[in-house]
Amino acid sequence: MTEKPKHLLDSVSESPKRPPEVPKTASEYISADEEEQQQQVSMSPNPGNGIQRYLVAIEYIGTRFSGSQHQPNCRTVVGALKEAFRKFIGQPVSICCSSRTDAGVHAVSNVCHIDVQRISKRKPGEVLPPHEPNVVRRAVNHFLQRNEGDIMVIDVRCVPADFHARFKAQERTYFYRLLSGPEPLSIFEKDRAWHVPEELDIPSMQEACKVLVGHHDFSSFRAAGCQAKSPIRTLDELNVTEVVSTPYFPSLIERRQENLTKADVCASSNKPENDLPLRSIEGASDYNGATVLGFGARRRHRCFVITARARSFLYHQIRLMLSLGYHMT
């Protein structure tokens, strides 16, 4: 998950509380219209000519990409993947992604289908049996890592010639990470989270999520550049969850406190230490109950993940929902 502030919420008025941008920390999947599935027919390769269609799952950090789709004179996800496949098999390939992502958007699992014909390098023109999926994954990753190293193939499988990654997709999911707190954002979280200095009203946000789930006209959350024929969408899931802020490295005080807690519980319950859950302790407290941090220690932000799941979304639909939700808190 995450977003480059290139096309930021133009339809939402400015507010003093509004952070300067919606950053690149959630995994955004922008889907095609369901109507297109009925109008477009995938180009199925001929099974008799040795072409194998692979379903490929990829993850990438979108910071240095100008989006997923091919653009002239820009570094894109599809462009990097095409170049790695070209070096592997020695010829160009076509790639169709299930979901398009904007510049700066990360993906934990975006999938695409790729047609590959294995031609003998010793005998040009001779068609060989297709590579095994594991061979494809290892070889393509070898060439990807020799480049920027910010994209990786995580899974490969063979699929029928008429399988289409875009139109067969059952659902897409956005993840937005919000870090709440007045402290400056850690450099380890740069381009990974949206920093909100104010305290968020999470119960109100959760109530708003319940209202938006279901089959609705989402015209109010439709960006100006949206090309969808209908604003009607079905939102299957929308929720806000607090999670442990990452990256997390326990301090000396936390490690000592954790060891003491484990020892006490083990003594009282006779359970082996390894069976105890790891607990996060913020730090020691003074006599007034205020948290005391050692020199060089950073006070953590509260971390929230907003999850949105549906078969398809309008252009910038979730981005606009998130902005409105923040203004209302």
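Here are some notes:
- Within region 177-205, tally of residues that are of a type outside the set (S, T, N, Q), in a loop (DSSP other than H, G, I, E, B) and more than 17 Å from the chain's Cα centre (by Cα): 10
- Selection over region 144-155 of residues that are in contact with a Lys or Arg (Cβ under 7 Å, 6 or more places away or on another chain) and open to solvent by less than 60 Å² (accessible area, probe 1.4 Å) gives a count of 2.
- Residue match in region 86-101 (condition: more than 28 Å from K190 (Cα to Cα), charged (D, E, K, R) and part of a helix (DSSP H, G or I)): yes
- Qualifying residue in region 130-139 (condition: in a strand (DSSP E or B) and touching a residue at least 12 places away in the same chain (Cβ under 8 Å)): no
- For region 148-176, residues that are touching a Pro at 6+ places or on another chain (Cβ under 8 Å) and among the β-branched types (V, I, T) total 1.
- Which listed residue is touching a Cys at 6+ places or on another chain (Cβ under 6 Å) and either at pLDDT below 90 or open to solvent by less than 70 Å² (accessible area, probe 1.4 Å) (or both), from C158, C112: C112
- Residue within region 212-221 that is among the small types (G, A, S), outside any helix (DSSP H, G or I) and touching a residue at least 24 places away in the same chain (Cβ under 8 Å) present: no
- Selection status of A107, part of a strand (DSSP E or B) and within 18 Å of the chain's Cα centre (by Cα): yes
- Within region 292-312, if we keep just the residues that are of a type in the set (A, V, I, L, M, F, W, C) and at pLDDT below 85, the residue that is nearest to the chain's Cα centre (by Cα) turns out to be A297.
- Among (1) over 20 Å from the mean Cα position of the chain (by Cα); (2) more than 30 Å from P247 (Cβ to Cβ), the one test that Q170 misses: (1)
- Index of the failed condition, A228 passing every other in (1) surrounded by fewer than 16 Cβ atoms within 10 Å (Cβ to Cβ); (2) in contact (Cβ under 8 Å) with a residue 60 or more places away in the chain: (1)
- The residues of region 170-199 that are open to solvent by less than 20 Å² (accessible area, probe 1.4 Å) and not charged (D, E, K, R), listed by number, are Y174, Y176, L178, L179, S180, G181, A193, W194, V196.
- Selection of region 64-98 for residues being under 15 Å from D150 (Cα atoms) and open to solvent by less than 50 Å² (accessible area, probe 1.4 Å) yields F65, S66, G67, S68, T76, V77, V78, G79, A80, L81, A84.
- In region 155-191, the residues that are more than 30 Å from Y54 (Cα to Cα) and in contact (Cβ under 8 Å) with a residue 60 or more places away in the chain: R177, L178, L179, S180, G181, E183, L185, S186, E189, D191
- The residue of region 110-129 that is nearest to R166 (Cα to Cα), among those that are part of a loop (DSSP other than H, G, I, E, B) and in contact with a Ser or Thr (Cβ under 8 Å, 6 or more places away or on another chain), is L128.
- Residue within region 120-143 that is within 23 Å of the chain's Cα centre (by Cα) and surrounded by fewer than 16 Cβ atoms within 10 Å (Cβ to Cβ) present: yes
- Sole exception among (1) aromatic (F, W, Y); (2) touching an Asp or Glu at 6+ places or on another chain (Cβ under 8 Å); (3) assigned to a helix (DSSP H, G or I) for Y174, by number: (3)
- Among the conditions (1) closer than 30 Å to V111 by Cβ; (2) at pLDDT 90 or above, the only one that R192 does not satisfy is (2).
The values are calculated or read from the model by the stated rules, or taken from the named source; none is laboratory data. Since we're looking at a predicted model, the values are computed, not measured. As a convention, Cβ positions derive from the backbone with ideal geometry for all residues, glycine included, and neighbour counts pool all protein chains shown. Side chains included, ligands, DNA and RNA excluded: accessible areas come from the protein's heavy atoms. Shrake-Rupley method; radii C 1.70, N 1.55, O 1.52, S 1.80 Å.
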